[in-house]
Amino acid sequence: MRYVRNVNRYHGHMPDGQRTAAARSKRVQQGEATRGVLIETAQRLFAERGYAGTSTADIVTAAEVTRGALYHHFRDKEDLFRAVLEATEEQMLGQVAIAADQAGPPLARLHAGIETSFALSLEPTFRRIMLEDGPAVLGWQAWHDIDARYAYGAMAVGLQAAMDSGELAAQPVEPLAHLLVGAFMQGAMVVARAADPAAATRSMTASMHRLIDGLKPTAR
């Protein structure tokens, strides 16, 4: 009883605003955790079964949350898929950044990023969510906008660094980054649909390397 009285005395002296803020913070944390579980679970199921083969009932059951929790965070299954796609893009970009950072000079980092991006296109999660279901579920334009938003920034930074180092000829970065991202995205789609994805990846990677190296300063 003494412990209970001490606890009550402590809370009794906590200002109402402070208690309200603490409760609100806890609810926010719980909400973010639930949203994260839904995205992680949906990503796994979408990768295994595809978007069409995964129901919202499958997702809430596997995530061990209520249907109300799902619809509190997402309008519908498509809205959840969009969040999954963006999370998958972030994961891919993180792995590409790690590989690039270990490669050395700026041009080598750019090549490493290209090579890693194509290699990741073979992995089931990235391939199915980003390249197969992404454009089919969201429509080509929405999928393109999301993919380009993540890829464009990385490409522009890599190109600018290689230009600053003198490894690539100086020129406007923005249009070049858009063109190269477009080339990569088309190449990745070819890889996703290829009868021999591994061979297609090698071919597309080599072609992208040649495109990049073609931007080197011309000898005078």
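Structure notes:
- Just one of the listed residues (96, 137) is more than 27 Å from residue 161 (Cα to Cα) and among the β-branched types (Val, Ile, Thr), namely 137.
- Subset of the range 197-215 (residues that are polar (S, T, N, Q) and buried (at least 19 other Cβ atoms within 10 Å of the Cβ)): 201, 205
- The residues in the range 48-78 that are out of contact with any helix residue (DSSP H, G or I) (no Cβ under 7 Å at 6 or more places or on another chain), farther than 18 Å from residue 126 by Cα and not basic (Lys, Arg) can be counted, and the count is 8.
- Candidate set: the range 83-100, residues that are more than 16 Å from residue 181 (Cβ to Cβ) and among the β-branched types (Val, Ile, Thr); chosen: the one surrounded by the fewest Cβ atoms within 10 Å (Cβ to Cβ): 98
- Residues of the range 154-190 classified as under 15 Å from the mean Cα position of the chain (by Cα) and open to solvent by 30 Å² or more (accessible area, probe 1.4 Å), total: 1
- For the range 142-152, a residue qualifies if it is more than 28 Å from residue 218 (Cβ to Cβ) and either open to solvent by 30 Å² or more (accessible area, probe 1.4 Å) or among the small types (Gly, Ala, Ser) (or both), and the qualifying residues are 142, 144, 145, 148, 149, 150.
- Being touching a Ser or Thr at 6+ places or on another chain (Cβ under 9 Å) and closer than 26 Å to residue 45 by Cβ is a condition met by at least one residue of the range 94-103.
- Search result, residues across the range 57-82 that are open to solvent by 20 Å² or more (accessible area, probe 1.4 Å) and of a type in the set (A, V, I, L, M, F, W, C): 57, 62, 65, 69
- Just one of the listed residues (110, 120) is out of contact with any Leu (no Cβ under 9 Å at 6 or more places or on another chain), open to solvent by less than 20 Å² (accessible area, probe 1.4 Å) and within 19 Å of residue 94 (Cα to Cα), namely 120.
- Residue 89 closer than 26 Å to residue 146 by Cβ, touching a helix residue (DSSP H, G or I) at 6+ places or on another chain (Cβ under 8 Å) and either at pLDDT 95 or above or not in a helix (DSSP H, G or I) (or both): no
- The one condition in (1) without any contact (Cβ under 8 Å) to a residue 24 or more places away in the chain; (2) under 17 Å from residue 129 (Cα atoms); (3) assigned to a helix (DSSP H, G or I) that residue 60 fails to fulfil: (2)
The values are calculated or read from the model by the stated rules, or taken from the named source; none is laboratory data. The model shown is predicted, which means the values in this text are computed figures rather than measured ones. Ideal geometry is used to build each Cβ from the backbone, glycine not excepted, and the neighbour counts take in all protein chains shown. Only protein heavy atoms, including side chains, enter the accessible area calculation; ligands, DNA and RNA are left aside. Shrake-Rupley method; radii C 1.70, N 1.55, O 1.52, S 1.80 Å.
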